[in-house]
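Engineer: Sharing a structure, written as structure tokens. Questions coming.
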Amino acid sequence: MTRTQRNVSITAVVLALVAAGWWFTRQPADSAAESGTKAAKTEEAQPRPALTVRVAVPEPAELAITLPANGNIAAWQEASVGSESAGLRLAEVRVNVGDRVRRGQVLARFAPETIDADVAQAKAALAEARATAADAAGNAARARTLEKTGALSQQQITQYQTAEQTAKARVEAAEAMLAAQQVRGRNTQVLAPDDGVISARSATVGSVVGSGTELFRLIRQGRLEWRAEVGAAELGRVAVGMPVRVTAPGGAEVQGKVRSIAPTVDAQTRNGLVYVDIPSVQADKGFKAGMFARGEFALGRSAAQTVPQAAVVPRDGFNTVMVLQEDSRVQMRKVQAGRRIGERIEITGALPAGARVVTEGAGFLNDGDLVRVVDAAPAEAPAAAK
């Protein structure tokens with residue numbers, strides 16, 4: 001064998017050894033890469049949760065049954081205070097709108113000069129009539145003593161007796177005139193007919209008003225009422241004495257009570273009026289006559305199933321909840337939302353026993369989504385424990 005042939009044989013052996021080493025070192029690496037690829041494919045095959053959520057179980061509660069209604073606030077009764085004397089000048093006005101007054105309190109006063117003069121004239125006319133009556137009575141008495149003597153004719157005697165009776169009648173007329181003028185004198189003071197609150201005032205100092213002109217308007221006893229409009233179908237559920245919660249436009253609330261129910265229903269609206277007493281106008285500044293208010297009649301209480309308000313999600317015009325299934329997927333259920341109490345809401349609908357509904361994140365889920373459930377955040381440990 002020549003030197004050249006030996007060199008070629010040695011080179012072939014070296015290459016064969018290198019190829020064998022490369023083959024044995026590559027096989028474990030390829031196996032590891034292939035195993036990693038299979039694991040990645042397995043992870044990709046498993047579905048991932050769409051959202052991390054919290055769930056809650058529906059809780060039973062006893063809620064109030066209420067009947068909502070709207071209506072106007074008005075005065076329980078209003079009194080019109082006016083002038084009873086004509087042609088007098090208003091000298092003084094002592095009250096204004098919003099003042100609380102007592103029965104018999106002086107609200108205004110007219111100038112009394114004209115009335116005083118009329119009273120003095122009536123007294124003088126009465127004195128004159130009494131003097132004339134005394135003279136006529138004396139003449140009649142003398143005529144009766146002379147009746148048997150024949151000194152006077154029967155006609156003359158009758159005339160004296162008639163004059164006596166006429167004089168007495170004139171005295172009575174003069175007394176009545178004096179009494180009328182004294183009444184006018186008392187009417188120079190305008191008095192409150194009842195306890196209450198002044199709601200309007202048209203009296204002006206210096207004005208000359210006619211008889212019957214309204215000077216003040218008074219809310220009797222300061223009482224207001226809410227005139228609720230209730231549909232004919234619901235009117236039978238309301239009873240006298242039933243408690244009512246009335247809410248003013250500004251948000252103020254007050255507890256009232258049904259006083260009476262109208263015996264008729266409006267033919268146009270088919271609503272009946274329910275009159276609800278509310279406390280004094282002075283005690284509740286948020287309520288004024290003429291306001292439009294809403295209220296709720298307390299009809300009773302009933303058992304209900306409640307969930308947190310966040311669990312109820314409106315979709316396509318319906319209220320829905322997401323119910324957690326055994327496979328950690330959610331199922332959408334339609335429910336009816338009812339009464340509310342605090343942060344919870346009543347639901348009516350067929351839910352399975354022991355159902356758990358999604359409370360956080362329900363608005364981001366669709367029917368059949370896979371979720372991850374977490375418990376509520378734990379409370380912080382006390383400082384001593386830390």
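Engineer: What are the GluC sites (Glu not before Pro) within region 312-374 that DSSP puts in a loop, where the Cβ has at most 13 other Cβ atoms within 10 Å?
Structural biologist: Loop-located and lightly packed - E326, E343.
Engineer: How large is the dipole of region 266-378 about the Cα centre if only Lys and Arg carry +1 and Asp and Glu carry -1, each at its Cβ, rounded to the nearest 20 debye?
Structural biologist: The dipole magnitude comes to about 260 debye.
Engineer: Taking 0.36 nm per residue of sequence separation and subtracting the Cα-Cα distance, how much length would be gained by fully extending the chain between K123 and T149, in nm to one decimal?
Structural biologist: Once the chain is fully extended between K123 and T149, it gains 5.3 nm.
Engineer: Please state the charge dipole magnitude for region 161-300, taken about the Cα centre, from unit charges on C-beta atoms (+1 on K and R, -1 on D and E), reported in debye and rounded to the nearest 20.
Structural biologist: Charge dipole of region 161-300: 180 debye, to the nearest 20.
Engineer: Considering the options I157, N96, Q181, tell which one lies farthest towards the positive end of the dipole of region 80-195, charges being +1 on Lys and Arg and -1 on Asp and Glu at the Cβ, about the Cα centre.
Structural biologist: Selected residue: I157.
Engineer: Rounded to the nearest 0.05, what FRET efficiency do R100 and T204 give with R0 = 30 Å and r taken as the Cβ-Cβ distance? Could you check?
Structural biologist: Given R0 = 30 Å and the Cβ-Cβ separation, E is 0.85.
Engineer: Determine the sum of side-chain charges near Q331: Lys and Arg each +1, Asp and Glu each -1, restricted to other residues whose C-beta is under 12 angstrom from that of Q331.
Structural biologist: Around Q331, the surrounding residues sum to 0.
Engineer: What relative contact order, as a whole-number percentage, does region 112-184 give when Cα pairs under 8 Å and 6 or more residues apart are counted? Could the numbers behind the result be given before it?
Structural biologist: Numbers: 55 pairs, mean separation 36.2, N = 73.
So the answer I get is 50 percent.
Engineer: If one computes the Cα centroid of region 267-346 and of region 179-243, what distance in Å separates the two points?
Structural biologist: Each part's Cα centre sits 38 Å from the other's.
Engineer: Just to be sure I understand the curve: with the Debye formula and one point per C-alpha of region 112-184, what is log10 I(q)/I(0) at q = 0.28 Å⁻¹?
Structural biologist: Result of the Debye calculation: -1.09.
We did not get these values from a lab; they are worked out from the coordinates using the rules stated. Bear in mind the structure is a predicted one, so any value in this text is a computation, not a measurement. Virtual Cβ from ideal backbone geometry, glycine too; neighbours counted across all protein chains shown.
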